[in-house]
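**Student:** Please find one structure pasted underneath; my questions will follow.
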Amino acid sequence: VVIVVGETARGDRWQINGYGRPTSPSLAAGGFVSFPEAYSESNTTHKSVPMLLSHLTADTFGDSIYSVKSIVTAFREAGFRTAFFSNQRYNRSFIDRFAFEADTTLFIKEQPGASGESLDMELLPLLKEELARGAGRQLIVLHAYGSHFSYNDRYPEDFARFVPYEYTDASLAAKDRLDNAYDNTILYTAAMLDSVASCLRSSGAEAAMVYASDHGEDIFDDDRHLFLHASPVPSRWQIDVPMIVWISDPMAARHPGYFDAACANRPMPVSTSRSVYHTALQLAGIGSPLFDPKLSVVSGEYKKPARRYLDDHNCAVDLDAILAR
Ligand SMILES: [Zn+2]
């Protein structure tokens, strides 16, 4: 099982979710199921990623984040070899703690001599190397830098499909250029997800990938002229995130119910903060007292989640009440 944790990607900017631009053509082929109604229970990296990678939600984060172990430990205890590869810097908090639960942990940008400008596709050789261990049961977490500002630093020139993308300042006047640059980052992230699936496909393994971004982004979308994310009160664009599941043919053949359930659950709302953990456990066939099939998007028992949000004081609030402000 590979979990790809995205960064600042907005669900509504993905072609696979109905966006009018070809930002994810590589995901049109079989095996990918996207959940266009997905949302995050936090608009900040340092809270959202720990919820993606643990059973904690907005309702339990404040009480338990200091003591909880992550999904990495759940897989280790079930006999999986685990690896965590990051294209982000150390955050010196919960994300690092979870990352170092793994058998192998590597932060590209923290390596001696690293330029600090590595692109997400540089995680692929690490994935291939880890798969080549032939360890049998494996969990590999990839933490991408995705669409974090400044957008043009996140993709190589050959992904500059939407033009013009050059901006000199982040202002309302530059919105069209910022949108183009942002869409280029989605195009690159979609290609990376396709590359991850290709690696798993060529391994011939019973394999699956779960991708979700930590939060979305404001790009001067309405008359409030908001930009970036992590504001005290989130906009709907800050919590609108992509969630995509890919299942290999060998896994689909052995567990046909996973793909069918994912397709059936596709129109449902999904809280990524709640569902990534349970979906990954089910795909790996790991039993746990914490496992809840009602939160796994590959389960026929999946149910619409509580719409909750983790506020600045680590308290859970009603998501729709805070969005309405
Ligand atoms: Zn983030």
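The values are calculated or read from the model by the stated rules, or taken from the named source; none is laboratory data. Predicted, not measured: the structure shown is a model, and the values here were computed from it. Here Cβ is always computed from backbone atoms with ideal geometry, including for glycine, and neighbour counts include all displayed protein chains. SASA here: full protein model, heavy atoms, side chains in, ligands and nucleic acids out. Shrake-Rupley method; radii C 1.70, N 1.55, O 1.52, S 1.80 Å.
**Student:** Test each condition in (1) within 16 Å of the ligand (Cβ to nearest atom); (2) open to solvent by less than 30 Å² (accessible area, probe 1.4 Å) for residue 46 and report the one that comes out false.
**Tutor:** Every condition holds for residue 46 apart from (2).
**Student:** Go through the residues of region 62-69 one by one and say whether even a single one is of a type in the set (A, V, I, L, M), surrounded by fewer than 23 Cβ atoms within 10 Å (Cβ to Cβ) and more than 16 Å from the ligand (Cβ to nearest atom).
**Tutor:** Restricting attention to region 62-69, the residues satisfying the condition of being of a type in the set (A, V, I, L, M) are 65, 68.
Remaining after also requiring surrounded by fewer than 23 Cβ atoms within 10 Å (Cβ to Cβ): 65, 68.
If we keep only those that are more than 16 Å from the ligand (Cβ to nearest atom) as well, we get 65, 68.
Yes.
**Student:** Being under 17 Å from residue 310 (Cβ atoms), open to solvent by 40 Å² or more (accessible area, probe 1.4 Å), within 15 Å of the ligand (Cβ to nearest atom) and part of a loop (DSSP other than H, G, I, E, B): is that true of residue 91 here? Please lay out each step first, then the result.
**Tutor:** On the way: under 17 Å from residue 310 (Cβ atoms): yes; open to solvent by 40 Å² or more (accessible area, probe 1.4 Å): yes; within 15 Å of the ligand (Cβ to nearest atom): yes; part of a loop (DSSP other than H, G, I, E, B): yes.
Yes; evaluated as a whole, the condition is true for this residue.
**Student:** Could you say which residue among 200, 178, 187, 228 is more than 25 Å from residue 39 (Cα to Cα) and out of contact with any Gly (no Cβ under 9 Å at 6 or more places or on another chain)?
**Tutor:** Details: 178 fails: more than 25 Å from residue 39 (Cα to Cα); 187 fails: more than 25 Å from residue 39 (Cα to Cα); 228 fails: more than 25 Å from residue 39 (Cα to Cα).
Exactly one of 200, 178, 187, 228 is more than 25 Å from residue 39 (Cα to Cα) and out of contact with any Gly (no Cβ under 9 Å at 6 or more places or on another chain), namely 200.
**Student:** Is there a residue in region 100-117 that is in contact with a Lys or Arg (Cβ under 7 Å, 6 or more places away or on another chain), modelled with pLDDT of 95 or more, outside any helix (DSSP H, G or I) and at positive phi?
**Tutor:** no
**Student:** With (1) open to solvent by 20 Å² or more (accessible area, probe 1.4 Å); (2) within 15 Å of the ligand (Cβ to nearest atom) as the list, and residue 147 as the residue in question, which single condition is left unmet?
**Tutor:** (1)
**Student:** While we're here: Find the helices (runs of 4 or more DSSP H) located wholly in region 10-80 whose residues include 2 or more that are under 23 Å from residue 320 (Cβ atoms), touching a residue at least 40 places away in the same chain (Cβ under 8 Å) and under 19 Å from the mean Cα position of the chain (by Cα), and list them. Outline the logic, then answer.
**Tutor:** Values: elements: 45-52, 61-64, 71-77.
The qualifying helices (runs of 4 or more DSSP H) are 45-52.
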